[in-house]
Amino acid sequence: MDFIRSLGYPKEIYKLLRFKLGGYRAVMPDLDRDSMRQSLQTCYRYLNETSRSYAAVIQVLDGELRDAACIHYLVLRALDTVEDDMTISLESKVATLRNFHTYLYDPEWKFAESKEQHRQVLKDFPTISLEFRNLAVVYQDVIADICAKMGEGMANFQENKVDSLKQWDEYCIAATGLFALGLCHLVSASELEDGAVGMDIHFANTTGLFLQKTNIIRDYLQDQLEGRAFWPREVWSKYAKKLSDFAKPENIVPALQCLNELITNALNHVPDVLRYLSRLKNKRIFRFFAIPHVMAIATLAAFYNNQQVFKGVVKIRKGQTVTLMMDATNMDAVRAITLQYMEEIYQKIPPSDPTSGKTQHIISSIRSLCLPNASVVSHKYLPPIYLSCAVLLAAFSYQYLGTVSQVSEELHASQ
């Protein structure tokens, strides 16, 4: 079905074919798993199982930094799995979150009782902690510090609801801002970028806010079904008496107005993310940070004023995903991609939307950062001869592209 959706986007079909026919190596070079320790191979398997999106992005990095980023993700994924598990008592969960960083140095610690989807990272935490201890001390120090701070932040929010926009920002920083800060510190420790760039706390917070807000907006229905709530009361209470009311068909108008306000809030972080990306000099590190950014931009464009957010899962097309991964190679391309999706959102702004003026204003600010160095990238245009060839090849390659679809299925804004 997703393949059929892509037929109206010939560039995506062309990119899918290129990706499968070897283009993926330019985005995510093959890992030499045969040269890895068995425990490290297992960690990369867990990485693929828990986040194909991050697994793909991490492969643009080199050597030590790549392994450190992999373990950084798995440690915090395990921590996040504890937070998400609604079967753990509040007292036990808070204690585990606060002490989690100490388990990195305990070869035996594991948690086998979790019922969460990604429970394998807790059941086999000894393998992850082993590879943590195999990292250079400079990387260990970064991961342990971030784990301690994130665990404390998550514990604090177990007993406090996300009411105000300030609390929403604080939670997003605790959940993803610290993760991004850890990645920046790992980059700094690798000495592959200027140290000041790698230690930029403001950027880490901005990136974390942007990506986590995208995830929270996306997960409205899933969080409601599982008894969690992360949309800020300060915003949603203007549109409904209860957050769950948005899932009722008769409330779709106020639901969309709330959705659009939250997306507008998230878009306010885009200018700072663009400024930071423009400072990165290492091409691999640039792509490592740029790909999640363009994925989140495309995701928010798909969400804006979209009723489906309250009815089911909204995903960007697989062809879209591959196209973004292959195109986000330099700053001009990222600006062009960002501008493309800002125009999509702008065209969908309802004149009567309460925050339409704010949405138009932030899009105008983002345009001013993108237009001087980039033109709009069309995701629909290919010369006729390429269009014909792409569609013809696609018709004969549907089965062949099955593997690509699996690889790219989760390559969108997620953590």
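Note on the range 124-225: enclosed helices (runs of 4 or more DSSP H) holding 1 or more residues that are within 25 Å of Lys283 (Cβ to Cβ) and of a type in the set (A, V, I, L, M, F, W, C) are 137-156, 178-190, 195-198, 201-218.
Say we look at the range 138-153 and pick out the residues that are closer than 30 Å to Val235 by Cβ and at pLDDT 90 or above; which of these is surrounded by the most Cβ atoms within 10 Å (Cβ to Cβ)?
Met150
Ile88 passes every criterion in (1) more than 16 Å from Arg45 (Cα to Cα); (2) in a helix (DSSP H, G or I); (3) in contact (Cβ under 8 Å) with a residue 24 or more places away in the chain apart from (2).
Applying the condition of being at pLDDT below 90 and among the acidic types (Asp, Glu) to the range 220-244 and asking which residue is farthest from Val314 (Cα to Cα) yields Glu226. All of Ile58, Ile71 fail the test of being touching an Asp or Glu at 6+ places or on another chain (Cβ under 6 Å) and either open to solvent by 10 Å² or more (accessible area, probe 1.4 Å) or closer than 22 Å to Arg133 by Cβ (or both), apart from Ile71. In the range 326-351, the qualifying residues are those that are at pLDDT 95 or above and not in a helix (DSSP H, G or I), and the one that is surrounded by the fewest Cβ atoms within 10 Å (Cβ to Cβ) is Pro350. Residue pairs whose Cβ atoms lie under 7 Å apart, separated by 6 or more positions or on different chains, with the first residue in the range 132-145 and of a type in the set (Gly, Ala, Ser) and the second surrounded by 15 or more Cβ atoms within 10 Å (Cβ to Cβ), are Ala136/Glu64; Ala144/His101; Ala144/Leu104. Any chance the range 188-195 includes a residue that's within 21 Å of Val294 (Cβ to Cβ) and either open to solvent by 10 Å² or more (accessible area, probe 1.4 Å) or among the acidic types (Asp, Glu) (or both)? Yes, the range 188-195 has at least one match.
One residue stands out in the range 228-286 among those that are of a type in the set (Val, Ile, Thr) and surrounded by fewer than 17 Cβ atoms within 10 Å (Cβ to Cβ): the one that is nearest to Thr359 (Cα to Cα), namely Val253.
Please work out which residue is surrounded by the fewest Cβ atoms within 10 Å (Cβ to Cβ), limiting yourself to the range 157-171 and to residues that are in contact (Cβ under 8 Å) with a residue 12 or more places away in the chain and closer than 16 Å to Gly208 by Cβ. Filtering first and then ranking leaves Leu165. Of note, Leu104 does not satisfy the criterion of being of a type outside the set (D, E, K, R), at pLDDT 95 or above, within 23 Å of the chain's Cα centre (by Cα) and open to solvent by less than 60 Å² (accessible area, probe 1.4 Å). On inspection, Ile345 qualifies as in contact (Cβ under 8 Å) with a residue 24 or more places away in the chain, over 28 Å from Arg284 (Cα atoms) and out of contact with any Lys or Arg (no Cβ under 8 Å at 6 or more places or on another chain).
The values are calculated or read from the model by the stated rules, or taken from the named source; none is laboratory data. What you see is a predicted model, and the numbers here were worked out from it, not measured in a lab. Because the Cβ atoms are built from the backbone with ideal geometry, glycine has one as well, and the counts that use them run over all protein chains shown. Note: areas computed on protein heavy atoms with side chains; ligands, DNA, RNA excluded. Shrake-Rupley method; radii C 1.70, N 1.55, O 1.52, S 1.80 Å.
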